[in-house]
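K.L.:
Could you have a look at this structure, given as structure tokens, before my questions?
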Amino acid sequence: MSKASPLVGILALQGDVREHEAALCDLGARSKEIRRPSDLEGIDALVLPGGESTTLSMLMLSSGLVQPMTELLKSNLPVLGTCAGMILLASDIEDGRPDQISFGLLDISVRRNGFGRQVSSFEEDLEFDGSDVPMRAIFIRAPLVTRKGEDVEVLAYGSFGGSSAQVPVALRQGNVMATAFHPELTHDGRVHGELLKMCVSVERSSTGSTR
Ligand code: GLN
């Protein structure tokens with residue numbers, strides 16, 4: 001990629017968009033809200049924010065985004081999915097609705113609301129990617145990763161059910177990254193920073209490329 005400042009598309013069919021825009025802007029990246037297929041033109045990476053994965057699926061279908069997004073993601077576009085966005089990337093959704101969309105790019109099984117309902121939302125300090133600077137993480141009706149494939153790297157573990165059990169909460173497989181928590185809410189640029197690094201390092205195939 002030759003441009004100094006990557007252009008990151010943010011799926012803007014539900015809320016949680018401005019927070020991602022601010023996080024990317026703080027890191028010197030440009031962003032663009034994605035609501036219809038033509039908005040995908042020229043983006044270097046994509047963010048799938050939180051929300052409700054079932055609703056996001058329906059809205060992606062009705063706005064005609066599923067097919068062009070599938071093509072772009074197949075071309076190796078760097079992508080970050082947070083919370084519901086993680087569910088949209090998972091290869092297996094244990095308790096999804098039968099008509100729920102998944103791009104199937106991250107070899108994990110997830111259980112929606114696996115940490116509990118809204119009242120069980122919580123915050124925790126995590127060790128992220130081997131750093132000794134803790135990362136504050138906010139979990140809101142977060143998906144629980146119940147299986148991960150061997151090609152999937154764990155960037156952070158979190159605690160589960162108030163016990164000492166540790167479960168993966170930030171993962172990467174090639175240029176696909178996902179967090180069960182909301183990195184856009186804590187002013188810690190490291191997760192978005194990893195996405196921007198992928199824009200530089202990832203080889204894009206010509207299939208579905210927007211440029
Ligand atoms: N529980 C939501 C879902 O299943 C995700 C919640 C979130 O994105 N904060 O899609």
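K.L.:
Regarding the stretch 35-83, what is the average projected area of its C-alpha convex hull, in nm²?
P.N.:
Dividing the Cα hull surface by four gives the mean projection, 3.3 nm².
K.L.:
In addition: Per q in 0.12, 0.26, 0.28 Å⁻¹, report the Debye log10 I(q)/I(0) for the stretch 81-148, using one uniform scatterer on each alpha carbon and no solvent.
P.N.:
-0.34, -1.13, -1.18
K.L.:
Could you tally the net charge around G96, taking each other residue with its Cβ under 11 Å from the Cβ of G96, Lys/Arg +1 and Asp/Glu -1?
P.N.:
Summing Lys and Arg as +1 and Asp and Glu as -1 gives -1.
K.L.:
Here's something else I'd like to know. For the stretch 1-156, what is the convex hull volume of the alpha-carbon atoms per residue, in Å³?
P.N.:
Each residue corresponds to 127 Å³ of Cα convex hull volume.
K.L.:
Further question: Among the trypsin sites (Lys or Arg not before Pro) in the stretch 59-132, which ones are in a DSSP loop with at most 15 other Cβ atoms within 10 Å of the Cβ? Mind listing them?
P.N.:
Filter output for the stretch 59-132: R117.
K.L.:
Another one. Against the longest principal axis of the chain, how steep is helix 17-26, in degrees 0 to 90 to the nearest 10, with axes from Cα atoms?
P.N.:
It is inclined by approximately 80 degrees.
K.L.:
Kindly work out what percent of the DSSP beta bridges joining two residues of the chain are antiparallel, to the nearest 5.
P.N.:
In the chain, DSSP labels about 50 percent of beta bridges as antiparallel.
K.L.:
I've got another one for you. Could you work out how far helix 53-62 tilts from the main Cα principal axis of the chain, as a 0 to 90 degree angle to the nearest 10?
P.N.:
Its long axis makes an angle of about 20 degrees.
K.L.:
In addition: Give the whole-number value, in cubic angstrom per residue, of the convex hull volume spanned by the C-alpha atoms of the stretch 21-102.
P.N.:
Convex hull of Cα atoms, per residue: 95 Å³.
K.L.:
Give the Rg (one decimal place) followed by the Dmax (whole number) of the stretch 80-211, computed from C-alpha coordinates and expressed in Å.
P.N.:
That works out to 14.7, 48 Å for Rg and Dmax.
K.L.:
Same structure, new question: What's the angle, to the nearest 10 degrees (0 to 90), between helix 190-201's Cα axis and the longest principal axis of the chain?
P.N.:
Value to nearest ten degrees: 40.
K.L.:
Along the Cα→Cβ direction, 7 angstrom out, place labels at T55 and Y157. What is the inter-label distance in nm?
P.N.:
Using points 7 Å along Cα→Cβ, the separation is 3.4 nm.
K.L.:
So which aspartates and glutamates pass the test for K32, namely a Cα distance under 18 Å, with those fewer than 8 places away in the same chain ruled out?
P.N.:
Those aspartates and glutamates meeting the cut-off are D16, E19, E21, E41, D44, E184.
K.L.:
Sum -39500 (n - 2.57) across every DSSP H segment of at least 4 residues in the chain, then divide by the residue count to get the 222 nm mean residue ellipticity, nearest 500.
P.N.:
Calculated from helices alone, the mean residue ellipticity at 222 nm is -6500 deg cm²/dmol.
K.L.:
Follow-up question, since we're still on this one. Each residue of the stretch 99-110 in order: what ³J(HN,Hα) in whole Hz does its phi give by Karplus 6.51 cos²θ - 1.76 cosθ + 1.60, θ = phi - 60°, with x for Gly and Pro?
P.N.:
Once rounded to whole Hz, the list reads 9, 6, 7, 9, 7, x, 9, 10, 7, 9, 9, 10.
No lab work stands behind these numbers, since they all come straight from the coordinates. Since the structure is predicted, the reported quantities are computational estimates derived from the model, not experimental observations. Glycine also receives a Cβ, built like all others from the backbone with ideal geometry; neighbour counts cover every protein chain displayed.
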